[in-house]
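Structure record follows, encoded as structure tokens.
The values are calculated or read from the model by the stated rules, or taken from the named source; none is laboratory data. Please read all numbers here as calculations on a predicted model, not as lab measurements. Please note: Cβ atoms are built from the backbone with ideal geometry, for glycine as well, and neighbour counts cover all protein chains shown. Areas reflect the complete protein model, heavy atoms only, side chains present, ligands, DNA and RNA absent. Shrake-Rupley method; radii C 1.70, N 1.55, O 1.52, S 1.80 Å.
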Amino acid sequence: MTDVRAYVQKALDSALSREGVLSYWQEKSKTEPDDPGEYIVYTQEGDSGKFYANNTLTVYSARIIIRYYYKKDRIDTPGGRALVKERERLILNTMEMFGFSCPDGAYDAGLIDNSGYYVTILDMNYENG
Amino acid sequence: MIRFNPTTPVMIYVKAGGYLPGVGHNSGYMPIEGVPIIFCEWRGGFGAQAISAHAAGVNDYATIRTFYHPTICEALRTKQAAIIKNADPAAISGGELDSKNPNIYELWGGVDNIAEENRFLEFKVRRYEGK
């Protein structure tokens, strides 16, 4: 069965690591530079059983939350806002190419914990057999 | 003139990380580049100070005094460091600290460049008990 988190890491890195946007499971690593312009954190919110065959669970339905963090001054210019939207679109398209679905699309979560970063959240689903 | 007797060998490891696309973040403890084993004066804690330290949850601590080295000073001030007493080779393996090894200590408090003379460094350490 696929390790969903490793799959998410591969998917995000395939499109974003060369743009300098790094992805972390659970939390951003403290050994990386403290002040990146943008980064991603993903967490798994569930991995429930969906289909059974011969009393055995054959398909899981995983739920992954992707949080895209970007510096809050990025939205002060039209170019910055366009870049944020482009990143969100890139994350969405890449994950859909890797078999994830995002029924509700991306949504803004604002400034979390007054950290200096705005957050965009994408709630993704994946069926894993 | 400060008198001290540096007879205890220690190694200092700092936590460093790298990112591998497709795999993610990877971090571990690495020795400081260009800094092999250093000798220091190791003064263990006892008496009233040890009792206050114990009240703060610190079971084993020591004060280290060594020669000033800019790389060591900068590493201790800016990075997460592990101090390996007696340069114990069994304390660290594959970049991971063995939390059961009694020779691993971590920085406790600040680092003092004594009198700002760039001659001696002094800092306190406490036993590393894992995270």
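Within the stretch A:80-103, list the residues whose amide N lies under 16 Å from a label point set 7 Å along Cα→Cβ of residue A:127. Correct set: A:96-103. For the pair residue B:52 and residue A:6, a Förster radius of 41 Å applied to the C-beta separation gives a FRET efficiency near 0.30, rounded to the nearest 0.05.
Step by step: find N for the stretch A:73-114, compute 2.2 N^0.38 Å, then divide the Cα radius of gyration by it. What's the final number?
Normalised Cα radius of gyration, the stretch A:73-114: 1.36.
Please compute the length gained on full extension between residue A:107 and residue A:43, using 0.36 nm multiplied by the number of residues separating them and subtracting their Cα-Cα distance. Numbers along the way, then the final one.
Numbers: separation 64, 0.36 × 64 = 23.04 nm, distance 1.62 nm.
Full extension from residue A:107 to residue A:43 adds 21.4 nm.
Axis of helix A:78-97 versus longest Cα principal axis of chain A: the two differ by about 10°, to the nearest ten degrees. When the scattering of the protein assembly as shown is computed by the Debye formula from its Cα atoms alone, each counted once and equally, what is log10 I(q)/I(0) at q = 0.07, 0.13 Å⁻¹? Debye output, listed in q order: -0.39, -0.92. In angstrom, the C-alpha Rg and Dmax of chain A are 15.8, 58. Among the listed pairs B:15/B:79; A:30/B:124; A:30/A:85; A:71/B:15, a Cα-Cα separation exceeding 18 Å is found for A:30/B:124; A:30/A:85; A:71/B:15. With a 1.4 Å probe rolled over the protein heavy atoms of all chains, the accessible area of B:79, B:100 falls in the order B:100, B:79, largest first.
The modelled label-to-label distance for the pair residue A:115/residue A:94, using points 7 Å beyond Cα in the direction of Cβ, is 1.8 nm.
In the stretch B:55-113, the C-alpha radius of gyration followed by the widest Cα-Cα span (Dmax) gives 12.5, 34 angstrom.
Which order do B:33, A:86, A:96 take by accessible area at a 1.4 Å probe, largest first? Provide the component values of the computation, followed by the final result.
Values: B:33 170, A:86 115, A:96 90 Å².
Ranked list, largest accessible area first: B:33, A:86, A:96.
Counting only heavy atoms of the protein chains and using a 1.4 Å probe, residue A:104 has close to 120 Å² of accessible surface. Summary of packing: across the peptides B:7-18, B:39-50, the per-residue average of other C-beta atoms within 10 Å ranks them, highest first, as B:7-18, B:39-50. Measure nothing but the geometry: give the 0 to 90° angle between the long axis through the Cα atoms of A:4-16 and the longest principal axis through the Cα atoms of chain A, rounded to 10°. It is inclined by approximately 40 degrees. Which part of the stretch B:86-101 falls in the paramagnetic zone of residue A:25, meaning amide N under 18 Å from the point 7 Å along Cα-to-beta-carbon? Inside the label zone: B:96. For chain B, take N as its residue count and report Rg(C-alpha) divided by 2.2 N^0.38 Å. Ratio of Rg to 2.2 N^0.38 Å for chain B: 1.10.
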